[in-house]
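This report refers to the structure that appears directly beneath it.
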Amino acid sequence: MVYSEKVMDHFANPRNVGEIEDANGVGEVGNAKCGDIMKMYLKIENNMIADVKFKTFGCGAAIATSSIATEMIKGKPLDEALKLTNRAVVEALDGLPPAKLHCSVLAEQAVKSAVADYYTRQGIDPTPFVGVIEDHCDHCDCE
Ligand code: FES
């Protein structure tokens, strides 16, 4: 399996790792088949992602995708962060091997789940903004 230099870089030196003590949006998603778990912490101020950190217990591709996803949403307005797709994450990493594409879905879902938590804490139904979050990957073909 061949990984791009960007994937290797984000895997070896993941950005924004950790947790935010006073996060006001926390999301956790998991892949039932491979057992990988991704937890995303957001500090949202004035509808902007003021800070973001993550913890991923999973494969290298899951770590690299969460790392680059945090870079892509940091400082962005909420509605833009919600537009982050797993495809954009994969493109930013210069691609992923086909068997690892599902790992990037985890990153997209983790962001959405954390934003949904933020809306819920505000007493707002997140569904119109975030949609329905799948917290599993049906087409996971991890060995
Ligand atoms: Fe399942 Fe990467 S998230 S192997």
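Some observations on this one:
- Exactly one residue among V52, V7 is buried (at least 24 other Cβ atoms within 10 Å of the Cβ) and more than 13 Å from the chain's Cα centre (by Cα), and that residue is V7.
- Count of the range 95-107 residues which are more than 11 Å from the ligand (Cβ to nearest atom) and either under 9 Å from the mean Cα position of the chain (by Cα) or assigned to a helix (DSSP H, G or I) (or both): 1
- Against the conditions (1) in contact (Cβ under 8 Å) with a residue 60 or more places away in the chain; (2) loosely packed, with under 15 Cβ neighbours inside 10 Å, P98 satisfies every one except (1).
- Residue match in the range 61-74 (condition: in a strand (DSSP E or B), under 10 Å from the mean Cα position of the chain (by Cα), among the polar types (S, T, N, Q) and under 29 Å from V2 (Cβ atoms)): no
- Matching residues, the range 49-98, being touching a strand residue (DSSP E or B) at 6+ places or on another chain (Cβ under 8 Å), within 25 Å of K33 (Cβ to Cβ) and not hydrophobic (A, V, I, L, M, F, W, C): K55, T56, G58, S66, S67, T70
- Evaluating F57 against the criteria (1) surrounded by 13 or more Cβ atoms within 10 Å (Cβ to Cβ); (2) within 13 Å of the ligand (Cβ to nearest atom) leaves one unmet condition, (1).
- Put simply, of A64, A110, A92, A88 the only residue that is more than 16 Å from the ligand (Cβ to nearest atom) and touching a residue at least 24 places away in the same chain (Cβ under 8 Å) is A92.
- Count - residues of the range 3-38 that are outside any strand (DSSP E or B), aliphatic (A, V, I, L, M) and within 16 Å of the ligand (Cβ to nearest atom): 3
- Index of the failed condition, Y41 passing every other in (1) away from the ligand (no atom under 16 Å from the Cβ); (2) part of a helix (DSSP H, G or I); (3) surrounded by 23 or more Cβ atoms within 10 Å (Cβ to Cβ): (2)
Quick note: the coordinates plus some simple rules give every number you see, no bench work behind them. Keep in mind it's a predicted model, so treat the numbers as computed, not measured. Every residue, glycine among them, receives a Cβ derived from its backbone with ideal geometry; neighbour counts consider all protein chains shown.
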